[in-house]
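A short worksheet on the structure shown next.
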Amino acid sequence: MPSALAAEAQRLLDDYLARLDRALRRVPQSQRDEIRVEIESHLRGRLAELPEPVTAADTLDVLYKLGEPESYVPLYLTESYLSQGFQKASPPLLAKGVGRWLGSAALSYLYSFPFFLLYLVSFLLLALGIGKLIAPDDVRVAYTSNKGRNISVAFNYPAESQGLHPSSANSADGDPSTDIQGHELLGSWAVPATLGLGFLMALGATVLLRRMTRRALRRRFED
């Protein structure tokens, strides 16, 4: 900690910490105190490396390199929630961290779209698996062919409303000459496969998100 801060330098530091407090006001008190102590320690450590007395210009340079609190607090909170979620094996905390990331403009540079795509696919797989578990006869993926000339994959819900049977189906216009055959693609393996794959994709995306968030924080505080 520097032994001497010019009056203006001290005012700038106090003003920055006040803005930090405002950025953290929606964070639970225990986490808020921890984050504030770490950031203030980082700032004072940087200022302690400078020649005394530390001037306002020196202080502004340190604050500028770290950035405004609103630019990194969402990133810091994401890492905090994800870390606690893994340590406590808590899905709600993990979901809170992911939700914080999804709603944070500060994380837009962390290749957001691939993560969003991974979470979307995992959600669809989980929804398919749960639907197949609850209503196995209604949630179906059918392979159909029209005398070998056309091939299509159809999602049928419910199966009866589409006129499809697990092993066969009539054409939509009722003309038997089209001879459309339907074959159920989701067998008994579908529920564990879709649920397992969806869970693994969501977990893998969360692990990668945590690593990238920590790396981004480390770069910001080391610069």
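The values are calculated or read from the model by the stated rules, or taken from the named source; none is laboratory data. Computed from a prediction, not measured in an experiment: that's the story for all the values here. Here the Cβ is made from the backbone with ideal geometry for all residues, glycine too, and neighbour counts use every protein chain on show.
Looking at the stretch 166-210, which of the residues that are among the charged types (D, E, K, R) and surrounded by fewer than 16 Cβ atoms within 10 Å (Cβ to Cβ) is modelled with the lowest pLDDT? Here the answer is Asp179.
To keep it simple, each residue is scored yes or no on (1) in a loop (DSSP other than H, G, I, E, B); (2) of a type in the set (Gly, Ala, Ser); (3) in contact with a Ser or Thr (Cβ under 6 Å, 6 or more places away or on another chain); (4) at pLDDT 80 or above.
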position: Glu70; (1), (2), (3), (4): no, no, no, yes
position: Leu82; (1), (2), (3), (4): no, no, no, yes
position: Trp101; (1), (2), (3), (4): no, no, yes, no
position: Pro114; (1), (2), (3), (4): no, no, no, no
position: Lys132; (1), (2), (3), (4): no, no, no, yes
position: Val141; (1), (2), (3), (4): no, no, no, no
position: Gly148; (1), (2), (3), (4): yes, yes, no, no
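Could you please let me know if Gly97 is on the phi > 0 side of the Ramachandran plot and at pLDDT 80 or above? The answer is no for Gly97. The residues of the stretch 11-36 that are of a type in the set (A, V, I, L, M, F, W, C), modelled with pLDDT of 90 or more and either in contact with a Leu (Cβ under 9 Å, 6 or more places away or on another chain) or over 15 Å from Leu75 (Cβ atoms) (or both), listed by number, are Leu12, Leu13, Leu17, Ala18.
Taken together, the residues in the stretch 208-223 that are part of a helix (DSSP H, G or I) and touching a residue at least 60 places away in the same chain (Cβ under 8 Å) amount to 10.
The set of residues in the stretch 51-87 that are of a type outside the set (Ser, Thr, Tyr), in contact with a Gly (Cβ under 9 Å, 6 or more places away or on another chain) and crowded, with 20+ Cβ neighbours inside 10 Å comprises Leu77, Glu79, Leu82, Gly85.
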